[in-house]
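What follows is a single structure, written as structure tokens, with notes after it.
Bear in mind these aren't lab numbers, they're just calculated from the coordinates by the rules spelled out. Here the structure is a predicted model, which means the values were calculated and not measured. When we count neighbours, we look across all protein chains shown, and the Cβ atoms used for this are built from the backbone with ideal geometry, even at glycine.
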Amino acid sequence: MSKPVQGNERAAALVALSEDQRKQLAAYAQIMSRGTGSEGNDLLQEAFARWLGSDKPVEGPEQTCNFLRGAISSIRFNAFRHEKVVRRYEGVRAVAEEGDEEDPLDQAADPAASTEGPLFVQQLYDLCEDEEVQLLLTAQTDNATPAEIQADLGWDEKKYKAVQKKKRRLVIRLMLEGKLT
């Protein structure tokens, strides 16, 4: 028998994902899409495209799922990095163009607002190796309510409280170690 073509093997690996893995990936993509200007499904489709074009060997559904989570995270990071580069070189528009409905000045940041909160959350996210805590941090950063977080991630109240507890313990440990200020 002949060996299947690499593309067919990769497509089969996507089909082999369980229903739970597909739901988790969709929820993760939905959460990670916030603030990017894209929808969750767009991020998920881009991650699928990355998987199909990747040279990484196909090992199993769990490894495929991990690759897709990483791809979604990378796509989000690249979107924000692109936005930052554009702002650096082109600046932020200060006046509305003809036909613009919103005036950019209305979107300007409040100079009195503190950046300590977002900086703290970003440091925590970067130091955290627990994917569930990272999902929780991302959702909380977007001001999602506990009910919305539970619905998006498919968690019950017990799971939500357990992840909250893990997050609190992580914050305390990192602060005691001096890694988080």
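For Lys56 and Thr141 in the same chain, what is the full-extension length gain: residue separation times 0.36 nm, less their Cα-Cα distance, in nm? Intermediate results must be reported in sequence, preceding the final value.
Numbers: separation 85, 0.36 × 85 = 30.60 nm, distance 3.21 nm.
Contour length minus the Cα-Cα distance gives 27.4 nm.
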Check: ³J(HN,Hα) across segment 118-125 via Karplus (A = 6.51, B = -1.76, C = 1.60, θ = phi - 60°), whole Hz, x for Gly/Pro?
Finding: x, 5, 4, 5, 5, 4, 4, 4
Next item on the list: Work out from phi, with θ = phi - 60° and the Karplus expression 6.51 cos²θ - 1.76 cosθ + 1.60, the ³J(HN,Hα) of each residue of segment 169-181, listed in order in whole Hz, and give x for Gly and Pro.
Entry: 5, 5, 4, 4, 4, 5, 6, 5, 7, x, 8, 10, 10
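Sort Tyr28, Tyr160, Tyr89 so that the residue with the fewest other Cβ atoms within 10 Å of its own Cβ comes first and the one with the most comes last. It would help to have the intermediate numbers written out before the result.
Details: Tyr28 25, Tyr160 17, Tyr89 7.
Least to most surrounded, the residues fall as Tyr89, Tyr160, Tyr28.
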Next item on the list: Go through segment 56-65 residue by residue and turn each phi into a ³J(HN,Hα) via Karplus (6.51, -1.76, 1.60, θ = phi - 60°); whole Hz please, and just put x for glycine and proline.
Entry: 5, x, 7, 10, x, x, 5, 5, 5, 4
Next item on the list: Compute the Cα gyration tensor for segment 113-176, then decide on rounded, prolate or oblate, letting a ≥ b ≥ c be the square roots of its eigenvalues: rounded whenever a/c is under 1.5, prolate when a/b is larger than b/c in the other cases, and oblate in all that remain.
Entry: oblate
Note to self: Set the bar at 29 Å for Cα to Cα. Now go through Lys84/Lys179; Lys56/Lys167; Lys56/Lys179; Lys23/Lys56; Lys56/Lys166 and name every pair that lies beyond it.
What the structure shows: Lys56/Lys167; Lys56/Lys179; Lys56/Lys166
Item checked: Cα-projected label distance for Ser18 with Glu132, points at 7 Å along beta-carbon direction, nm -> 1.5
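Please give the length that would be gained between Glu157 and Val85 if that part of the chain were fully extended, namely 0.36 nm times their separation in residues minus their C-alpha to C-alpha distance (nm, one decimal). Mind showing how you got there, number by number?
Details: separation 72, 0.36 × 72 = 25.92 nm, distance 4.01 nm.
Net length gain for the segment: 21.9 nm.
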